[in-house]
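This report concerns only the one structure given below.
Readers should treat all values here as calculations from the given coordinates under stated rules, not as data from a laboratory. Because the structure is predicted, anything quoted here is derived from the model rather than measured. As a convention, Cβ positions derive from the backbone with ideal geometry for all residues, glycine included, and neighbour counts pool all protein chains shown.
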């Protein structure tokens, strides 16, 4: 029998609504752990780091391994598609630290996009250009300053690409991964330039992505790649505080020699390859921002069972803003050291321009 309600019971405060559960409670987040390198197949692996989601404070522990033979560095075990969707999507109420976001904004600064576009000027104006993983197509928008008569298209798995087309930044918007059959078939052999700017590190299979990019090129077309270098000295010195690791969203980091060898096996001519133009001066500032964020009281997040008190939340906010000058000082050091570091093993990224072989003449 149900007890009758009473005025006292009716006046009791209702229990708070349950907070969002993290994906470990409902879906399989990790694939089985690999015992061999996904690039060369070697079983000689070593652990490079174990870390949580330092940037967005989401639950989980992630491991990054390195192949002792080829140097390929990868998340192991890798996230499942469901896990990737959870950790990459925006979650209402998720914290964003202004210090870390400011450092990331530096990496995506307009001058860096201009540098990548300017690198292609020596090859003349292409008729068509495909930017892979373009998001809101900020790179095509910038590149159009140098190539006003080029038709820019883009691919992206999110709805951002459709917004980019609405804004007129790309002419054709292909929603999906470049390796998706419907995208791959539609773009095959159509482009004079295909760009993959800080894209390979986010793909589940970078070799397949490279092959699909080459298929999208016309014979004699150019592949423009910028990606992170796992052999950067800062990666060893800073460990999990090295911002480019960005676990769990970064899945693969490719050494330059591996990429050169793969393109060479596909018959491509390496026109240029190096670190100087691609280095992003944010290593010290990124480490300072991440360390500051995790030295303070934990933030409120949608997946915490018990939220922190208002006093602790206010204390975190005050201390976080008080620490921003320290991050800014680290950023100034990054910029001051950049001219020297970009020519050394401290450089954190590299750029490759490769030319697809021309079609062989018959007869």
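May I ask for the angle, rounded to the nearest 10°, between helix 206-216 and the longest principal axis of the chain, with both axes built from Cα atoms and the value confined to 0 to 90°? For 206-216 against the chain, the angle is about 50 degrees.
The candidate values are (1) 1.03; (2) 1.13; (3) 0.96; the one derived from this structure for Rg/Rh (Cα atoms, Kirkwood Rh) carries the label (1). Which residue fluctuates most in the GNM of the chain (Cα springs below 10 Å): 151, 328, 109? So, out of 151, 328, 109, the one fluctuating most is 109.
Annotation: the residues 136, 245, 149, 350, sorted from fewest to most other C-beta atoms within 10 Å of their own C-beta, follow the order 149, 136, 350, 245.
Legend: ranking of residues 53, 153 from fewest to most surrounding C-beta atoms inside 10 Å; resulting order 53, 153. In plain terms, the residue of 130, 54 with the fewest other Cβ atoms within 10 Å comes first and the most crowded comes last, giving 54, 130. For the residues 198, 279, 182, a GNM of the chain with alpha-carbon springs under 10 Å puts the largest fluctuation on 182.
Here is how the number arises for the chain: DSSP H runs of 4 or more residues each give -39500 (n - 2.57), the sum is divided by the residue count, and the result at 222 nm is -10000 deg cm²/dmol. Angle, helix 256-265 long axis vs. longest principal axis of the chain, Cα atoms, 0 to 90°, nearest 10? Helix 256-265 and the main axis of the chain meet at about 50 degrees.
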